[in-house]
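Asks: Take a look at this one; I'll ask things after.
The values are calculated or read from the model by the stated rules, or taken from the named source; none is laboratory data. Because the structure is predicted, anything quoted here is derived from the model rather than measured. Every residue, glycine as well, gets a Cβ built from its backbone with ideal geometry; the counts of neighbours run over all protein chains shown. Remember, those area values only see protein heavy atoms, side chains included, never the ligands or the DNA or RNA. Shrake-Rupley method; radii C 1.70, N 1.55, O 1.52, S 1.80 Å.
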Amino acid sequence: MKKLKAVKYAYSVFACALIAFGLTVLIRARVPEHAFMLAGGLLMIGFGIVRILGYFSRDILQLAFQFDLILGIASAVLGCYMIWNPQAAGHIVMVLGVFFLIDALSKVQTAIDARRVGMERWRLILGMALVAVAIGVLVVLTEFQDFHIVSRLIGANLAADGVLNLYVTQSTVNTIRRKKEWEV
Amino acid sequence: MARRTQAVIMQAFMDLLTRKPLDKITVKDVIEEADINRNTFYYYYENIPALLDALFAQEIRNFSESTERSDSFVEEYRRLSAVVRNNRRAIYHIYQSEDRERISRYMETGAELFVERFVRKAAAPYGLSEEGIHYVTHFYSYAVVGLTMHRIRENIPTEDQNLAERIEGSFYASVDDVIQNYIQFSKEHP
């Protein structure tokens, strides 16, 4: 349980970092491409590792982390690419848009699973996931615009995805005391 | 391992039923109570109604396997009412839900299990048909179930010590007439 608590905490921290980074990119008029790639790359790597750890944690509901093995690996790989190829900012925003669109769509399924399990907050999860999906679609559709225009959309996308991940983690990851009479 | 897991899930469900109405119990509640994960629950059961059906099926099996051929009507009824009494709160919570039809079916199945044996014994001298045996069995099973459901519905806390004897007395006082009446009616209305 301690491990799960640690993972939940780390996941929440990185989600907050994603929100902060996204809002910074959204609000600042022009973000240097190299700074965007370096900071974003580090964030993606860190969040990717936490996501993989989350997948292997013994979360009783298995709602928040159910897709995080694939998404965690993809996030870490994208992060590495961003750091090693800072000049590819123009291309990476499209890839990031697709990545966060897939992440948001996975949360739509999480909302449906939450409803099935009997969680009352599933509607809120679904609503937030659909907003993140909508922003992700916008990013994908504006791929050929100027980097600074697209990066602001990416900023909104990052912030929305961060809020979504934070909420899903807080509301579905259960850290109740586990009885160890037997194991599954 | 699978049976143990199912037993843990069912026990967790029963514990929840003693505390909450059936309508308020979610899969999330069951997996938290049983300390299993979501996928484990869905490996065995599709949803809460499926779990409830499995629980009833197990209780019926237990009741059926514990019957003794030498048991009297009173002893059989007392066994059935002991099951109801020991699970009173859970049964009440199921009865209060939209699934009350299930509890009636469960009670009918349990009653028919022992009533049919006594009906067959009483019908032996008359050569009653299978259809007739089913009719008479249902007739008395519904009387037994109706009386028991009345006590559940009214949430009657104490058991009438003489009820079992009264039911047995009513059965033996009337079963011959019921059987003969069925045979006569069948002859007149083929």
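Asks: Highest GNM mean-square fluctuation, chain B, Cα pairs closer than 10 Å: which of B:Glu59, B:Glu76, B:Glu32?
Replies: B:Glu32
Asks: Relative contact order, percent, of chain A when contacts are C-alpha pairs under 8 Å separated by at least 6 residues? Walk me through the intermediate numbers first.
Replies: Working: 261 pairs, mean separation 64.4, N = 184.
This gives 35 percent for chain A.
Asks: What Kirkwood hydrodynamic radius, in Å, does segment B:117-190 give when the mean of 1/r is taken over all pairs of distinct Cα atoms and then inverted? Before the final figure, lay out the partial values.
Replies: Values: mean 1/r = 0.0733 Å⁻¹.
Computed over Cα pairs of segment B:117-190, the Kirkwood hydrodynamic radius comes out at 13.6 Å.
Asks: How much length, in nm to one decimal, is gained on full extension between B:Arg120 and B:Ser174, taken as 0.36 nm per residue of separation minus their Cα-Cα distance?
Replies: Working: separation 54, 0.36 × 54 = 19.44 nm, distance 1.44 nm.
Contour length minus Cα-Cα distance gives 18.0 nm.
Asks: Mind giving me the FRET efficiency for A:Asp146 and A:Cys16? R0 is 22 Å, r the Cβ-Cβ distance, nearest 0.05 is fine.
Replies: Details: r = 29 Å, r/R0 = 1.32.
Computed FRET efficiency for A:Asp146 and A:Cys16: 0.15.
Asks: Which of the listed residues, B:His150, B:Gly127, B:Val178, is farthest toward the dipole's positive end in segment B:99-190, when Lys, Arg count +1 and Asp, Glu count -1 at the beta-carbon?
Replies: Result: B:His150, furthest along the dipole toward the positive end.
Asks: Let me know the charge dipole size of the protein assembly as shown about its Cα centre in debye, to the nearest 20, where only the beta-carbon of Lys, Arg (+1) and Asp, Glu (-1) is charged. The partial results should precede the final answer.
Replies: Values: 42 positive and 41 negative charges, 346 e Å.
Using only the charged Cβ atoms, the result is roughly 1660 debye.
Asks: Also, I was wondering about something else. With the calculation restricted to Cα positions, what are the radius of gyration and Dmax of segment B:17-100 in angstrom?
Replies: Taking only Cα atoms of segment B:17-100, I get Rg and Dmax of 15.3, 46 Å.
Asks: Sticking with this structure for a sec: Against the longest principal axis of chain A, how steep is helix A:68-84, in degrees 0 to 90 to the nearest 10, with axes from Cα atoms?
Replies: 30 degrees
Asks: Here's another thing I want to ask about it. Quick one: P(r) of segment B:62-183 from all Cα-Cα pairs, 10 Å bins, percents rounded to integers, in order of increasing distance.
Replies: Each 10 Å bin holds this share of Cα pairs: 12, 44, 32, 11, 1.
Asks: Could you please state how large a percent of the accessible area of segment B:65-190 is carbon and sulfur, counting protein chains only and using a 1.4 Å probe? Mind showing how you got there, number by number?
Replies: Details: 3580 of 7270 Å².
Looking at segment B:65-190 in its full context, I get 49 percent from C and S.
Asks: Right, here's the next one. For chain A, with only Lys/Arg (+1) and Asp/Glu (-1) charged at the beta-carbon, what is the dipole magnitude about the Cα centre, in debye rounded to 20? Write out the running numbers ahead of the final one.
Replies: Values: 18 positive and 11 negative charges, 173 e Å.
For chain A, the charge dipole is close to 840 debye.
Asks: Given a Förster distance of 56 Å, report the FRET efficiency between A:Val77 and B:Arg100 from their Cβ-Cβ distance, rounded to the nearest 0.05.
Replies: Numbers: r = 55 Å, r/R0 = 0.98.
It comes to 0.50.
Asks: List, largest first, the extents of the alpha carbons of segment A:1-125 along their principal axes, each in whole Å.
Replies: Cα extents, longest axis first: 46, 29, 22 Å.
Asks: For a quick protection proxy, order the peptides B:6-12, A:11-17 by their average other-Cβ count within 10 Å, most packed first.
Replies: Values: B:6-12: 17.3, A:11-17: 19.0.
Result, highest mean Cβ count within 10 Å first: A:11-17, B:6-12.
Asks: Chain pair B, A: how much accessible area is buried, both chains summed, with a 1.4 Å probe, in Å² to 100?
Replies: Details: alone 11120 and 9850 Å², together 19260 Å².
That pair hides around 1700 Å² of surface in total.
Asks: Another question about this same structure. If you place +1 on the Cβ of every Lys and Arg, -1 on the Cβ of every Asp and Glu, and leave all else neutral, what size is the dipole of segment B:52-190 about its Cα centre, to the nearest 20 Debye?
Replies: Magnitude of the dipole: close to 300 debye.
Asks: Nearest 10 degrees, 0 to 90: what angle lies between the long axis of helix A:33-55 and the longest principal axis of chain A (Cα atoms)?
Replies: 10 degrees
Asks: Figure the gain on full extension for B:Tyr44 and B:Gln58 (residue separation times 0.36 nm, minus the Cα-Cα span) and round it to one decimal in nm.
Replies: Working: separation 14, 0.36 × 14 = 5.04 nm, distance 1.42 nm.
Between B:Tyr44 and B:Gln58, full extension yields 3.6 nm more.
Asks: Projected onto the charge dipole of chain A (+1 at Lys/Arg Cβ, -1 at Asp/Glu Cβ, origin at the Cα centre), which of A:Val163, A:Gln66, A:Tyr9 gives the Cα projection farthest towards the positive end?
Replies: Highest projection toward the positive end goes to A:Tyr9.
Asks: Determine, from the Cβ-Cβ distance of B:His134 and A:Glu120 and an R0 of 45 Å, the FRET efficiency 1/(1 + (r/R0)^6), rounded to the nearest 0.05.
Replies: Details: r = 46 Å, r/R0 = 1.02.
The value I calculate is 0.45.
Asks: Helix by helix through chain B, keep the DSSP H runs that span 27 Å or more along the axis on Cα and average at least -1.0 on Kyte-Doolittle, and give those back in order. Spell out each step's value before the answer.
Replies: On the way: long enough: B:100-123 (33 Å, -0.58); B:130-153 (33 Å, -0.03); B:163-188 (36 Å, -0.27).
Membrane-span-like by this rule: B:100-123, B:130-153, B:163-188.
Asks: Any number yet on Rg/Rh for the protein assembly as shown, C-alpha, Kirkwood? Intermediate results must be reported in sequence, preceding the final value.
Replies: On the way: Rg = 31.3 Å, Rh = 25.1 Å.
Dividing the radius of gyration by the Kirkwood radius yields 1.24.
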